[in-house]
Each structure stands twice: as structure tokens, then as C-alpha cells.
Amino acid sequence: MVLKIGLVGCGAIGLEIARAIDRGEVEAELVAVFDRNGDRARELLKGLRGKPRLLELEELVEGSDIVVEAASQRAVPEVARAALGRGRDLMIMSVGALLDPGLRRTVEELARDRGCRVYLPSGAISGLDGLKSAGAGRIDIVTLTTTKNPRGFAGAPYIEDRGIDLSAISKPTVIFEGPAEEAVSAFPANVNVAATLSLTARGARVRVRIVADPDIEVNIHEICAEGDFGRITTRVENVPSPRNPKTSRLAALSAIATLRSIVEPVKIGT
Ligand SMILES: NC(=O)C1=CN([C@@H]2O[C@H](COP(=O)(O)OP(=O)(O)OC[C@H]3O[C@@H](n4cnc5c(N)ncnc54)[C@H](OP(=O)(O)O)[C@@H]3O)[C@@H](O)[C@H]2O)C=CC1
Ligand SMILES: O=C([O-])CC(=O)C(=O)O
């Protein structure tokens, strides 16, 4: 049976996912899309050969085997409850939402009760395979250093609340340092990867450093993890999405790769 996918969020990541399915790169059918911005959803549909329907969330869930969230952290509670509550599998891109302990518990309980799977793609980072293995032992500390062009941080609550003038940054500047839980609320569209690291590290401390560098055009994520296994360091220099400079192209590719791994019989990696 062909996997039926319902997509919530038709922005930079949603568009790439929809196109990959439409080109036959994932053996699945995109049956429906939803976005609070109807124009963006209609624009996405125009470019596809297939004919997914533009539906409200409840109807989208009804017709899908798996719901893919590529919208925002704010969207996650409603989408998760709608999908898991009806026994549908769920993929979450706005992983930062799951650092709210109440929501994480709800998602885990609903998934267990209804026999559903919840997929959290690696997103814009590398090294989760090793970190996942390390988590079976003891991880002491994980640090994430994220560096983007200042324009990538525009609109973040941390920037707005403090009135930080991003255009005045003329050299690499540390604009935030703190735990993952704070980072994902302060920069909800920039460091969801901190939450993915935190969940993978199973309770180990994840410290986040955010750097604005006016001289770069890539989104860099550097990770260092230490524990009884030794040390892992990884660094990705990501090409930003042409549609959304906050988001890296690798994040959309990781969603597509996760969907493939769901439908393909051979699973590679930890
Ligand atoms: N896990 C990871 O590694 C990564 C995660 N992300 C996260 O993935 C998500 C999608 O990223 P991206 O495609 O770049 O984002 P975009 O902003 O490009 O697109 C998101 C779309 O979803 C819409 N949307 C927002 N909230 C809702 C809602 N409650 N219900 C329905 N639609 C909604 C937005 O509308 P509007 O424009 O009106 O807000 C927009 O059209 C973001 O939360 C982003 O932070 C991004 C990169 C990496
Ligand atoms: O795409 C990226 O570089 C990472 C990102 O925005 C996020 O984790 O929210």
C-alpha cells in the first residue's frame, strides 16, 4: 500500500518535501496540504504534477497515514494532538516544541496508547548517529555552536525583546549563550537542532552558543559531545534555503531522507 502523506506547512521545507514526493523520489503519495497562509499553500500546489488537496487540519489528518509538520513550534501541540489522537504517525520538524516537558509527555503517551510512530529527522546537523549510540552509555555534555548571517536571526523573540540591531553587527558576535531549553524559545526558527540534540542526548546538558557573523553566507552548526565513549565533534556548513535564510537546505533533505527510510525496507545507520 502506498503511504499517504499529509503536509502541514508549505514554506521552505514543505515545498522541498512536496516536490520530492511529486518527482517520485519518495514512494508515497502527498494527499493533502495545509498552511495558515492559504496563498503559500496554493503556490506550492501550482508547481506540482500530482493533485494533493488543500484541506483544513482535521480533514488532512483523516486522509493521511502520516502527518508531516513543517510549520512552527507553535503549530506542534495542535498538529500532534490531531494526528496522534487519530492514530496517525507524525514527523516533526519544529522539534524545539518538544522541550516543553508537558507536550513531550503528551506526545509520548498518545503515541504509545495509539500505537503510532513519531519521527524527528536529524535536520541541519550531522552526527546524531554517533550521539544516539553514545546515549546508550553516558554523555556528560553536548555543546552546539550555531553561526549564521545576522539576517538569519531577524524576528527572533530574543532579538526583538532586547531591541538588538542586527544591521549594526560588523564582526562575528556571540548573541546568545545558554541551555537548549532557553535557546529554542529565544530563537524558535534557528536552533530546533538544539532540541534534537537534547532529546538524543537523553537528559545530558546541551549548551548552545549563537553567533551572528556578517561575513558568512552559510549556516554553520558545530557540535561537540563528551562522555564515557570519548568525544565526537562535527561541523556542517549549510547552504541556506533560497526561500528562508533561517533554514538550511540540509533540513529539508533530512525530512525527505526520513520519509524514504520509512517506506524503504533496508534501514541504514543507528
Ligand atoms: N529540525 C531542524 O533541523 C529544522 C527545523 N526547522 C523548523 O521547521 C519549521 C519549518 O521551517 P521552514 O519551512 O523553513 O519555515 P517557513 O517559515 O519557510 O514555512 C513555514 C510555513 O508554515 C506556516 N505556519 C506557521 N505556523 C502554522 C500553523 N500553526 N499552522 C499552519 N501553518 C503554519 C507558515 O505561515 P506564516 O508564514 O504565516 O508563519 C509558513 O507558511 C520551522 O519551525 C523551522 O524553524 C527549520 C530548519 C531546520
Ligand atoms: O536549518 C538550520 O540551519 C537549523 C534551524 O534553522 C533550526 O534548527 O531551527
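The values are calculated or read from the model by the stated rules, or taken from the named source; none is laboratory data. These numbers were taken from a predicted model, which means no experiment stands behind them. Every residue, glycine among them, receives a Cβ derived from its backbone with ideal geometry; neighbour counts consider all protein chains shown. When the accessible area is computed, the model is the full protein with side chains, heavy atoms only, and any ligands, DNA or RNA have been set aside. Shrake-Rupley method; radii C 1.70, N 1.55, O 1.52, S 1.80 Å.
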> Longest exposed-loop-site-free stretch of the chain, with GluC sites (Glu not before Pro), DSSP loop and at most 15 other Cβ within 10 Å?
Replying inline: 57-216
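Quick one: with all protein chains in place, what share of the accessible area of the stretch 105-258 is carbon or sulfur, to the nearest percent (1.4 Å probe)?
On the way: 3430 of 7510 Å².
Its accessible area is 46 percent carbon and sulfur atoms.
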> Between E264 and T173, what is the label-to-label distance in nm when each label sits 7 Å out along the Cα-to-Cβ direction?
Replying inline: 4.4
>> Can you compute the label reach from I141? Point 7 Å from Cα along the Cβ direction, backbone N cut-off under 13 Å, restricted to the stretch 204-227.
In response: 205-209, 224-227
> Restricting to lysine pairs 8 or more places apart or on different chains, what number in the chain have Cα atoms under 21 Å apart?
Replying inline: 7
> Once both labels are modelled 7 Å past Cα along the beta-carbon direction, what's the E29-E59 spacing in nm?
Replying inline: 1.7
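With a Förster radius of 41 Å, plug the Cβ-Cβ distance of V2 and R81 into 1/(1 + (r/R0)^6) and report the FRET value to the nearest 0.05. Write out the running numbers ahead of the final one.
Details: r = 26 Å, r/R0 = 0.64.
E between V2 and R81, to the nearest 0.05, is 0.95.
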> Under a 1.4 Å probe, what is the accessible area of the chain per residue, stated in Å²?
Replying inline: 49
>> Quick check: residue separation of Y119 and V239 times 0.36 nm, minus the Cα distance between them. What number comes out in nm?
In response: 40.8 nm
>> Please report the net charge: other residues with Cβ closer than 10 Å to the Cβ of L7, K and R +1, D and E -1.
In response: -2
> When the helices in the chain are scored as -39500 (n - 2.57) per DSSP H run of 4 or longer and the sum is shared across all residues, what 222 nm value do you end up with, to the nearest 500 deg cm²/dmol?
Replying inline: -10000 deg cm²/dmol
